[in-house]
1. Quick check on my filter: what residues within the range 16-41 are closer than 15 Å to Y363 by Cα and either within 16 Å of ligand 2 (Cβ to nearest atom) or surrounded by 17 or more Cβ atoms within 10 Å (Cβ to Cβ) (or both)?
2. Output the qualifying pairs, or none if there are none: Cβ atoms under 6 angstrom, residues six or more apart or on different chains, first residue in the range 252-269 and of a type outside the set (D, E), second residue open to solvent by 30 Å² or more (accessible area, probe 1.4 Å).
3. Given the structure, is G297 within 11 Å of the chain's Cα centre (by Cα) and away from ligand 2 (no atom under 14 Å from the Cβ)?
4. Assuming L116 fulfils every condition listed in (1) farther than 17 Å from F307 by Cβ; (2) touching a residue at least 60 places away in the same chain (Cβ under 8 Å); (3) open to solvent by 10 Å² or more (accessible area, probe 1.4 Å); (4) touching a Pro at 6+ places or on another chain (Cβ under 8 Å) apart from one, which condition is it?
5. With touching a residue at least 12 places away in the same chain (Cβ under 8 Å) and closer than 28 Å to R84 by Cα as the only criterion, which of A8, A29 stands out?
6. Name the residue, out of G271, G286, G257, that is away from ligand 1 (no atom under 15 Å from the Cβ), at positive phi, more than 15 Å from the chain's Cα centre (by Cα) and not assigned by TED's automatic domain parsing to the domain that holds P10.
7. Among the helices (runs of 4 or more DSSP H) contained in the range 77-188, which hold 1 or more residues that are more than 21 Å from the chain's Cα centre (by Cα) and not charged (D, E, K, R)?
8. Take the range 233-243 and flag every residue that is part of a helix (DSSP H, G or I) and within 16 Å of ligand 2 (Cβ to nearest atom).
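The values are calculated or read from the model by the stated rules, or taken from the named source; none is laboratory data. Here the structure is a predicted model, which means the values were calculated and not measured. We place every Cβ from the backbone using ideal geometry, glycine too, and count neighbours over all the protein chains shown. Surface accessibility is based on the protein's heavy atoms, side chains included, excluding ligands, DNA and RNA. Shrake-Rupley method; radii C 1.70, N 1.55, O 1.52, S 1.80 Å.
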Amino acid sequence: MRISKVEAIPYAIPYRKPLRFASGEVHTAEHVLVRVHTDEGLVGVADAPPRPFTYGETQASVRAVIDELFAPALLGESPLARQRWHAKLHRTVGNPVAKAALDIAAWDVIGQSAGLPVTALLGGYTDRLRVAHMVGFAEPAKMVAEARRFRDEYGITTFKVKVGRRPAELDIAACRALREGLGDEAELYIDGNRGWSASESARALRMMADLDLAFAEELNPADDVLGRRWLVSRCPIPFVADESASKPAEVARELLGGSATAISIKTARTGFTDSQRVLHLCEGLGAEVVLGNQIDGQLGTAASVVFGAAFAGTARRAAELSNFLDMSDDLLTEPLRIEGGTLLAPSAPGLGVVIDEDKLAHYRLD
Ligand code: MUC
Ligand code: MG
């Protein structure tokens, strides 16, 4: 079986409600649907959600790098020869989201050809994950109302709160309101998306010391490695690297250098192959992992749950899988459903999802 065609299809679906955070805001899912075809007629799919403010990739750049550089490298290769074609892709240092989507789409093909769900092929640990919801910037009362709605409608009790505004009192008030509004049983953690300096972060953590936060994620600039090491040395809770550890080598650097104690794994940037490498590094180095969200739609969320359910390390805690619920529409024929605070991994072969061709025709931009 050989890869015979690779498609990179740009599409746009508006959000009902934008997500705002310290490094940017997202109003429309301007993503790229990636399809890997084989000479045996199988088609694997994956979503590439460009995040210009994080990795510098845009919808146009994802499409161009796939069409001009990565697709030619994959054509004629066996989808199974992952280490072979990964070696070609990784000659390019950047473009993580484009590479990850190709990896996931190839795994979809592999699963379909084996007649097995990819989650079983990867590890088969469980069939579901507990869900955490990411709450973006708003007035504290609105943030509490949103979290309560997700708790009451979907059974979600873990919330990641976006912080990193100035003055930090804005975020401290929001976190306090969430703790008071949700009670002790809710699990809360914060993500600064690099918005504060190391000393501002330390001060904010001190002022929130009574809020029982589970984690703090990427509070200061990703390049401020020494500042983060200083911060981590006085942080009483696990400190999650997200943007500062977007690939396996950076994960090793951050953990061994003492500038992170936990890692966010995002399949949208490390696919399945490199997400496994990240997970195994974390297991070896004794770091917890959080299955993160890159503001994914349903297709990206399906990939996250397929990966996360495969391993004990990623299934241990609630995974960020719910922000697709804020999109006005999506591309799958069978919508993902969060019930009782959990999301099931699709059980059909491959990724187990089917693209609705009418919706794709409606939302595609090419
Ligand atoms: C997160 O964890 O930071 C916001 C920006 C991005 O790339 O992902 C989201 C969530
Ligand atoms: Mg983050």
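1. A29, E30, H31, V32, L33, V34
2. Final answer for the pair search is A252/L281; L255/L285; G258/R229; S259/V225; S259/R229; T261/P238; A262/P238; A262/E288.
3. yes
4. Among (1) farther than 17 Å from F307 by Cβ; (2) touching a residue at least 60 places away in the same chain (Cβ under 8 Å); (3) open to solvent by 10 Å² or more (accessible area, probe 1.4 Å); (4) touching a Pro at 6+ places or on another chain (Cβ under 8 Å), the lone unmet condition for L116 is (1).
5. Values: A29 fails: closer than 28 Å to R84 by Cα.
After ruling out the rest, the residue left standing is A8.
6. Working: G271 fails: more than 15 Å from the chain's Cα centre (by Cα); G257 fails: at positive phi.
Matching residue, one of G271, G286, G257: G286.
7. Numbers: elements: 82-89, 96-114, 118-122, 140-154, 169-182.
Those helices (runs of 4 or more DSSP H) span 82-89, 96-114, 140-154, 169-182.
8. Step one: of the range 233-243, the residues part of a helix (DSSP H, G or I) are 233, 243.
Within the range 233-243, E243 is the sole residue that qualifies.
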